[in-house]
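J.: Shown below is the structure under consideration.
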Amino acid sequence: MGEKKNRKAVWLAGLGGLVLGACLLVLLGSEMSRTSTNEYCMSCHFHEGADASWKKSQHYMNSSGTVSDCAACHLPPKEDGYFKHYMAKARMGARDIWSKMTKDKDEIDWEAKKELGYASTIVYNSSCEKCHHNLLPEGISDDGITAHLYYKDNAEKLDLQCISCHLNAGHEIPGYQHKKLDNGQKIDTGTGEIYDSPADITAFESFTETVPGTNASIRMVAVPGGEFTLGSPEDEPFRNPDEGPARRVRISRFFMAETEVTWNQFWAFYNETMSEGRTPPAVIYANNTREDIDAVSGPTPPFGFPDQGWGMGERPAITMSHYCAQTFCQWLTLKTGHTYRLPTEAEWEYAARGGTDTPYFFEGSPKKYSNKGFLRKFSKADTSMISRYVVFEGDSRSKTQEASSVKPNPFGLKNMLGNVMEYCSDWYAEDAYSRIQDGALDPAGPASGTEHVVRGGSYADDASAVRCASRGRTFNDDWLKTDPQNPKSIWWYSDIKGIGFRVVCEVPEGI
């Protein structure tokens, strides 16, 4: 009899627990719904202007009359999983409450909150796709169709979100333009003096080149001639076979840009030379190889967002092709009367070393800075020294940086290692150094090839790949793989981010 009573008590307790749990779930669900309304969000939102900017946005004021609420954009849809949805809600709610309790709203940089880098952390792409099933709505332009098909076909591999191009969809941003560079669009390179003449080079000393008719200037560093060992010794950590055999060579003096070509400098070129529409490559090549040429045909509009949303200005210009970099040099030569070109591989390494013969132009072994190897599973690399000079994967800077973020090498050049890979004029060959004789003066690479040399490594590379002797090359077809255009662009790459260039100026005769 006692056992029956005990079993009955257990069943009643279990049933009661189920009922209580169900009630709690209902209450929790009701509370979750109540605290996800627009009114509730705005009742304690730390930034009062969010409500006003939302009501002026495309998600509030549109021809369909559809209003998208706060939770629809700032929480992942429940279709992605209830746990993910509610955890995101808890994190966002806790962050907002903490900010309201501990921060002075007048000291927060609200303008920075409007930028893509921040917006991408609080908006979920799956939420956009949940509402926007049709990516080709009535009235969309031909460019819009191409862009959306491109996104649809490559969504998994693209480092883009819907807001990468539609940043003002949820909140009004006065003056914002859709992030697609349309044909004929001029790029704002900022204010500043418009130069009427180039620099006057009267001595072999560093100077600032001024590009007539633009506000672009380039600081050029005088690199003295000398002798050095091209390549790496066989015992250098992480050495690759194409870095040898090491050769002792001589290099004539030259001028080299202090930094990689910046967006401000590149857009001056683009604004003056851009090609309309999809100008056939054959037309471009024919124009730019004429002997009597007095102007160059420059890039067609880039597809999408060439700076990856990281910012332009003084950051290095990226994603352009080797041909585009060469054409920039051609334009710069015509504008200034001084001979500009890409550096040879030997010039590049000579300049990067800055008179040193160690793996880097500063002290330290690649093993100390690299994250490769068994021991790195237990202890992180000491990057305190290398991070002063190099933007690379080991210091967690996951995008390009302005040159002011690092110190210069002994020649006064910045970002020779890391930040972006830099084009050289040479064709790439794995055995290129075996074709060079010891004592050679200003050696150049092979006379022909299929890919070009790139040097220096990028922000995404391990310390082992940003050594002075480390060599790289272009992968033209792979870097154009997702370019949706036909023919594919001769100016812009679709599948590489950390590629850029810097220029060399030849020393005028008589100096």
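J.: Cα centroids of segment 62-96 and segment 211-259: how far apart, whole angstrom?
T.: 52 Å
J.: Could you order peptides 325-331, 288-294 by the average number of other Cβ atoms within 10 Å of their residues, highest first?
T.: Working: 325-331: 21.9, 288-294: 8.9.
Result, highest mean first: 325-331, 288-294.
J.: Residue farthest toward the positive end of the dipole of segment 327-460, with Cβ of Lys/Arg at +1 and Asp/Glu at -1: which of 441, 361, 452?
T.: Sorting the options by dipole projection puts first 361.
J.: Let me ask something else. Going through the cross-link list 84/377; 84/130; 89/130; 368/407, which pairs have a Cα-Cα distance over 22 Å in this structure?
T.: 84/377
J.: Taking the Cα-to-Cβ direction at residue 441 and at residue 87 and moving 7 Å from each Cα, how far apart do the two end points lie in nm?
T.: Reported label-point gap for residue 441 and residue 87 is 6.7 nm.
J.: Let me ask something additional. How do 482, 121 rank by accessible surface area computed with a 1.4 Å probe, from largest to smallest?
T.: Working: 482 10, 121 85 Å².
Reading off the accessible areas and sorting them downward yields 121, 482.
J.: Under a Cβ-Cβ cut-off of 14 Å, what is the net charge of the residues other than residue 207 that fall near it, where Lys and Arg count +1 and Asp and Glu count -1?
T.: Working: positive: 219, 253; negative: 200, 205, 209, 258, 506.
Spelling it out: positives minus negatives among the neighbours equals -3.
J.: Once the other residues with Cβ under 10 Å from the Cβ of residue 343 are scored (Lys, Arg +1; Asp, Glu -1), what is the net sum?
T.: Surrounding charge for residue 343 is -2.
J.: Next up: Return the whole-Å distance between the Cα centroid of segment 448-494 and the Cα centroid of segment 294-362.
T.: For segment 448-494 versus segment 294-362, the Cα centre distance is 13 Å.
J.: Could you tell me which of rounded, prolate or oblate describes segment 276-398, using a ≥ b ≥ c as the square roots of the eigenvalues of the alpha-carbon gyration tensor, with rounded for a/c under 1.5 and, failing that, prolate when a/b is larger than b/c and oblate otherwise? Could the numbers behind the result be given before it?
T.: Values: a/c = 3.23, a/b = 1.93, b/c = 1.67.
Since a/c reaches 1.5 and a/b is larger than b/c, the shape of segment 276-398 is classed as prolate.
J.: Going by the alpha-carbon gyration tensor, a ≥ b ≥ c the square roots of its eigenvalues, is segment 198-280 rounded (a/c under 1.5) or, if a/c is not under 1.5, prolate (a/b greater than b/c) versus oblate?
T.: Numbers: a/c = 3.31, a/b = 1.59, b/c = 2.08.
It comes out oblate by the Cα gyration axes.
J.: Once you charge only the Cβ atoms, +1 for Lys and Arg and -1 for Asp and Glu, what is the size of the charge dipole of segment 352-438 about its Cα centre, to the nearest 20 debye? It would help to have the intermediate numbers written out before the result.
T.: Details: 13 positive and 11 negative charges, 114 e Å.
My answer is approximately 540 debye.
J.: Quick one: which residues, 5 or more positions from residue 223 or on another chain, have an amide H under 5 Å from its amide H? H modelled 1.01 Å from N in the peptide plane, none for Pro or chain starts.
T.: 254, 255, 256
J.: Keeping all protein chains in the complex and leaving out DNA, RNA and ligands, what accessible area do you get for residue 342 with a 1.4 Å probe, in Å² to the nearest 10?
T.: Taking all protein chains as shown, residue 342 has close to 10 Å².
J.: Give me a comma-separated list of calculated 3J(HN,Hα) values for segment 215-223, in order, Karplus coefficients 6.51, -1.76, 1.60 applied at θ = phi - 60°, integers in Hz, x for any Gly or Pro.
T.: Karplus-based 3J(HN,Hα) across segment 215-223 equals 9, 8, 9, 9, 7, 10, 9, 6, 9 Hz.
J.: Long-range amide H contacts for residue 473: which residues qualify at under 5 Å (H placed 1.01 Å from N, peptide plane, sequence gap of 5 or more or a different chain)?
T.: 454
J.: Over the heavy atoms of residue 227, what accessible area does a 1.4 Å probe trace out, to the nearest 10 Å²?
T.: 100 Å²
J.: Just the accessible area for residue 399, please: 1.4 Å probe, Å², rounded to the nearest 10?
T.: Result for residue 399: roughly 70 Å² accessible.
J.: Around residue 242, under 14 Å between beta carbons, what's the net of Lys plus Arg minus Asp minus Glu among the other residues? Provide the component values of the computation, followed by the final result.
T.: Working: positive: 239, 247, 435, 455, 467, 471, 473; negative: 234, 236, 243, 345, 349, 426, 430, 431, 451.
So the environment of residue 242 carries a net charge of -2.
J.: Would you kindly derive the ³J(HN,Hα) couplings of segment 359-371 from the backbone phi angles with the Karplus curve 6.51 cos²θ - 1.76 cosθ + 1.60 (θ = phi - 60°), listing them in order in whole Hz, with x for Gly and Pro?
T.: Rounded to whole hertz, the list is x, 10, 7, 10, 6, x, 8, x, 5, 5, 9, 7, 9.
The values are calculated or read from the model by the stated rules, or taken from the named source; none is laboratory data. Please read these numbers as outputs of a predicted model, since none were measured by experiment. Neighbour counts are summed over all protein chains in view; Cβ atoms, including those assigned to glycine, are modelled from backbone coordinates with ideal geometry. Ligands, DNA and RNA are excluded from the accessible area calculation, which covers all protein heavy atoms including side chains. Shrake-Rupley method; radii C 1.70, N 1.55, O 1.52, S 1.80 Å.
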